[in-house]
Amino acid sequence: MTAPVSFWDRLPADLQRRLDTEHRTVVHGPHAELQLQSRLAEDVLIVRDGHALEIRRATLTNQASVLGVLGPGDAAGLPLLAGQPQRADVVAVGRGQVRVLRVPQARFRQLAEEHRVFTTAVLRTLDDRSTHDGLRLALALAPEVGADQKLAAHLVELAERFGRPHGGGALLDIGLTQEDLGRYAGVTRARTNRTLSRFRQKGLLDAHWRRITDLPGLRRIAEPFDDLWSVTPHRRPLLGEPAEPRSRRTTLPPGLGWPRPPVLPPEVPHFTGRAAELALLREELLHTPGHRIAVLHGPSGSGKSALAAHFAHAAQEHFPDGRVMVDVRGRSTATALGAILRALGLPGETVPRSAEALSELYRRIVADRDLLLVFDDAEGEDQIRQLLPLTPSCAVVVTSGRSLPDLGGRQIPVGALTEDEAADLVGRIAPAAPAQTRVELARLCERNPLAVRVAAARPEGLADLQAGSEAAGVRSAFMVAYRGLSEEHRRVFRFASLTPSADFSEESLSALVDAPVEQVREVLAELVGAGLVARADAGRFRWHALLRQFALDRVRLENAQDERDGAVDRVLTYFLDGAREHGDLLGRHRRAFHQSRPGPEAPASDLREHGLAWFERELRGLVAAAKQAAEAGRHEAAYGLADACFDFLELRRYGRSTIDMHRIGLRSARLADDPRAVAHMLRNLGVVHLAVGEYMEAFAYAKMAGRAFADLADLHGQAVVEGDLAAVHQLLDQHDAAIGSAWRSLERYRGTRDRRGEGDVLLRLGESLCTLGRYPEALKETERALALHRASGDRRGEAEALRIRANIRHGRRDHEPAHRDATEALALSRDIQDATGEARAHTILAKVGRHLRLHGEGREHGSKAVDLALASGDRQAEGWARIWLGWTLLDEADLDGALAQLDPGLLAHIEIDHPRGQVSARTAIAIVLQQRGRLHESRSQLEQALSLARRIGDRSGEAQALEEMATTLRRLRQLMDARTFGEAALAAWRRLGHPHGTATAHGGLARIHLLAGEIDLALAACDQAEALRDHLGDRVGLGRVADTRARILLHMGEHAGALKVIEEALPLMRSGGAPFPLASALLVRAAILLELRRFGDAHKQAVDGLRRAEDLGDGAAEAEARLVLGLIRQRQHFGRKEDDEAALEQFRHADSVLVDVDDQGGRIDVLLAQARSYTRLGRLDEADRCRRTAHELRRWLARPELPGG
């Protein structure tokens, strides 16, 4: 192996002496935090003795991964030289002390400036570490590399770096826990346990994994990863090299595949020159490893966009996944991200609404893709920084009027063409022009590409340019071309500058100039030929900013104000009438401003698609028209446009455009003193803010809208707004308030004929009643809503009603009917292509399948729900889908898989400020942490869950969190607190009328009473739990109760009765597919057989239990199994030295595991068993040490005497 050279060893002896003399050495105890993740280090730490870990923690769940192990001579905090924060916490190992030399930041920088050798040592250390980390990460993520290879490779590395010779192997005296080793290797706890057990069986490791007995054997298993410090790091292949195959590709939203067709403007005809700029683009974007950004900056008309488009068209082979060019001028981050996602092929209905969800989906889609992204006409660094992909596989080109140095990358100025390039461009456009004419035209146009193109389209205008040579330049070229047009064509050219946006359709220009479309089409063809406008795509054209300003100047000079106003009126009328007509084709579910009642259901699909296509084609013009109308004082058109576009903008998720248009509309409605329009604008703003997750803004607008409709005595408007308020309260988990708003809405709907609106409010009412556990009322209102939606033919509403009824029935434990409702809802959502509805139906099926113990089906539905929710951008749907998938994986004992879903599920609910989802996620995370033995972290999650549940009145969530808190405290042996929480959980479940929860609480209290030695209370709690489980027909629950009863009988010395009870329980456990309870029951049976002196049967059962515990990664169960195995060796052949030695190995291993999982109470029995074996072997000092430690633990825990003590 190529052993790494430490930072300390790279320093010359004189510098080492100076550092030792000048700076203090500090000793830290186990688990001490030396540096903190994401903070700039105050000192550089150099380890002088002992070891530390670099631990990176997930923000929400505190889930940790070990990035590195630091030993003597290694340094932490080196990134501070570059002003970068720490990538991870630096923590002393769990056993022993670490001594570090602390060098203050300022002194460290000074040494780097004064001594080249010091700087070289830093850079080489960082380079080696980067190489090593890259290889380790690739190894951890490689799906084809098994746990055996991964763990063997990391054991070999640790042995070579830190091991001491030990027999024919090595002793790793570095204080790592077994869980730390798994985190370092990227292997789950369960697989780590199984793999290390196999290594022991093969003679590679001693009873404790830190003693390696066969290092060459481990190295053979690890090949070719047996040297993690000598392999050349991965780099991006240069041009001409074959790309490496990717083993891991990001999961895409349904329907989005690779490669994507290019989304680029047509290449500019006769592109000429720019050889130097193209060479710089190729060097930066094709030959440079890492993140690649090029900024093309220069004055307007210099050809930046044309250069970017030309490069993109020519770069197809280098970016096989796609090339996209997006105009970002005037766009917010969210709007620009939406445009990019649509350009990449994401359907409009599935584009996320919130900026956070847009950003997350965008970065997930482009991750690990060979994409070229061109952001055209950028305004500044802040706008573009949010659009940059995080993956180095993507390349980015930005065009801007100024340099953007803060973005990094290559800044490439784009100015005038060279003389030869400009003359060549004239020749390409006008090949008949003599050479002298070409040169002269280029000179008179100041070699500006735009001006040269316009002038070269009419080279006979050279004389005009020469005649005005004292004013030669860009505008002169434009004027010559303009004068070359016929009078009618000049008129169209002038008036076209009054279009609301820089790109426009033939139809909108036809309305503006009041001429037939066919005539306008002919004029546009000539203008394109003259270089005065450019073709964008089919039927659409675009202005260059300089030419549009020139045309605008001409229309102001040559046409009167009333002519210009008439043209603007005509184009605004075109947009307003078109938006209303095509919006009606979408099938409005609301009363639009120009309607007296809600619109009908959607017409035939071809008409609906026609409406959608019109809106997509005219979108930028519509948004700009609203602004133009407001500025022109045409306020009725401004708010009319906003309302007419609302349904399309909401359907296709143009959230920020909707808000911008309606803010303009609201201002215009107030200026026009139109209270009805004000009310509609306020209501629409509330709806769109709710959709993008801005709940407080939604609440404020809805309240203002309600007052506005009340002033108008508009019952229907008041009913709609109260329904909106119910939805806001519901999303804020204010369910009592939501119910009040829903009832007020229903009272007002009675005076209208809007049955569909009434049905929607009934669904909100049913959901809130369900959340509060008022199931009979919830079912009644939901079935009323279902009947209304079916009667009105509203299939979307029918599907939602079925989903809510399924949830209610699930809450009542009517799982079979709930399954039928959710299945029917799923089919309906598929029929109407409602991706969010599909995701929610799959989530309910996952939830119901879990309780029906259909784990495979539940996992499949949960996975589909996550994919669909991600594709639709619905963060709440994603959060719930991940949580229920996590619960399903937790039931299957896949703890890592569960946490991988629960962590982002919790994040989704935090981002949208949804407390009820946070309660469920934190409770599930706490259970995962319980099973892993991370009990203090589990307690922290439950404290947060309880606080949230109580704040929002989530009684079911509170009861579950109380129950799990009691379990965590029991395992921490804090029995008084555990009893308090257990009794509170029991009372909460009883108040809810929840028999399953009540039974679980009784069972948990029975375990607490047993540990406290309160046998009568334990038996009474068992009886209550058993009666409830039997009534419910819960076989697995009966098995859990039997496990507890058997433990009580074992404690009482009634071994035969205990054996009978546990043997009746085992078939129930096996049939229910409950892995954790089954492992527990097997170990109880092994302990009973031990007391009955059936040593062979006890050994067989304990080995089976140990195997299952290791597979599950259940440290407490593993320790219990090893304790039983050790006691068997201790008792079976009393007095045999080899048996006591073998027992001690099991006890020591059990104690090590219990330390890892922080089960100090469990250690007492193990330590006392160790003391007995040490006494028999005559090792009295060690026996005394074990007894003293047990005594101290008992005093610390205030724990009563337990059996076996």
> Nearest 10 degrees, 0 to 90: what angle lies between the long axis of helix 755-771 and the longest principal axis of the chain (Cα atoms)?
Replying inline: 30 degrees
>> How tilted is helix 13-22 with respect to the longest principal axis of the chain? Cα atoms for both, answer in degrees (0 to 90, nearest 10).
In response: 80 degrees
>> Let me check the size of the stretch 842-891 from its C-alpha atoms; what are the radius of gyration and Dmax in Å?
In response: 9.7, 30
> Whole-Hz Karplus ³J(HN,Hα) for the stretch 549-555, in order, using 6.51 cos²θ - 1.76 cosθ + 1.60 and θ = phi - 60°, x for Gly and Pro?
Replying inline: 5, 4, 5, 5, 4, 5, 5
>> Taking 0.36 nm per residue of sequence separation and subtracting the Cα-Cα distance, how much length would be gained by fully extending the chain between residue 26 and residue 813, in nm to one decimal?
In response: 277.4 nm
>> Give me a comma-separated list of calculated 3J(HN,Hα) values for the stretch 903-910, in order, Karplus coefficients 6.51, -1.76, 1.60 applied at θ = phi - 60°, integers in Hz, x for any Gly or Pro.
In response: 4, x, x, 5, 4, 4, 6, 5
> Projected onto the charge dipole of the chain (+1 at Lys/Arg Cβ, -1 at Asp/Glu Cβ, origin at the Cα centre), which of 477, 549, 1000 gives the Cα projection farthest towards the positive end?
Replying inline: 1000
> What ranking of 965, 976 emerges when the number of other C-beta atoms within 10 Å of each C-beta is taken as an exposure proxy, fewest first?
Replying inline: 976, 965
>> Please list, ordered by chain and number, the residues whose modelled amide H lies under 5 Å from the amide H of residue 536; skip anything fewer than 5 residues away on the same chain.
In response: 541, 542
>> At R0 = 30 Å, how high is the FRET efficiency between residue 120 and residue 211 if r is their beta carbon distance? Nearest 0.05 is fine.
In response: 0.20
>> Suppose each label sits 7 Å from its Cα in the direction of the beta carbon; what would the residue 436-residue 381 distance come out to in nanometres?
In response: 5.2 nm
> Taking the highest mean first, how do the peptides 850-857, 800-807, 103-110 order by number of other beta carbon atoms within 10 angstrom per residue?
Replying inline: 800-807, 850-857, 103-110
>> Using all alpha carbons of the stretch 813-908, what is the percent of pairwise distances in each 10 Å bin, ordered from the shortest bin to the longest?
In response: 20, 51, 27, 2
> How large is the dipole of the stretch 1114-1205 about the Cα centre if only Lys and Arg carry +1 and Asp and Glu carry -1, each at its Cβ, rounded to the nearest 20 debye?
Replying inline: 460 debye
>> Per DSSP helix of 4 or more residues, -39500 (n - 2.57); summed, then divided by the residues of the chain. What does that give at 222 nm, rounded to the nearest 500?
In response: -21000 deg cm²/dmol
>> To make sure I understand the rule: partners must be lysines, Cα under 27 Å from the Cα of residue 780, and not fewer than 8 residues away in the same chain. Which ones qualify?
In response: 847
>> Give me the one-decimal nm value for the distance between modelled label points at residue 1092 and residue 202, 7 Å along each residue's Cα-to-Cβ direction.
In response: 3.8 nm
> ³J(HN,Hα) across the stretch 153-165 via Karplus (A = 6.51, B = -1.76, C = 1.60, θ = phi - 60°), whole Hz, x for Gly/Pro?
Replying inline: 4, 6, 5, 4, 4, 5, 5, 5, 7, 10, x, 10, x
> Too long at a 28 Å Cα-Cα cut-off: which of 150/864; 1100/1137; 1060/1137?
Replying inline: 150/864; 1060/1137
> Suppose R0 equals 25 Å; then what is the FRET efficiency for residue 673 and residue 577 from their Cβ-Cβ distance, rounded to the nearest 0.05?
Replying inline: 0.55
> Simple spin-label model, 7 Å along Cα-to-Cβ: residue 783 to residue 486 in nm?
Replying inline: 7.5 nm
> Which part of the stretch 930-956 falls in the paramagnetic zone of residue 33, meaning amide N under 17 Å from the point 7 Å along Cα-to-beta-carbon?
Replying inline: 936-941
>> Explain nothing, just the number: dipole magnitude of the chain about its Cα centre with +1 on each Lys and Arg Cβ and -1 on each Asp and Glu Cβ, in debye rounded to the nearest 20.
In response: 2560 debye
>> With angles folded into 0 to 90 degrees, how steeply does helix 355-366 sit against the dominant principal axis of the chain? Use alpha carbons for both and round to 10.
In response: 80 degrees
> Using every alpha carbon pair in the stretch 828-962, what percent of pairs falls into each 5 Å bin from 0 up to the bin containing the largest distance?
Replying inline: 2, 13, 20, 23, 21, 14, 6, 2, 1, 0
>> How much of the DSSP bridge set in the chain is antiparallel, in percent, rounded to the nearest 5?
In response: 60 percent
>> Can you compute the FRET efficiency between residue 1100 and residue 980 using 1/(1 + (r/R0)^6), with r the Cβ-Cβ distance and R0 = 51 Å? Round to the nearest 0.05.
In response: 0.80
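Only the coordinates and a few stated rules stand behind these numbers; no lab work does. Since this is a predicted model, take the numbers as computed values, not measurements. Reconstructed Cβ throughout: ideal geometry from the backbone, glycine too, with neighbour counts over all protein chains shown.
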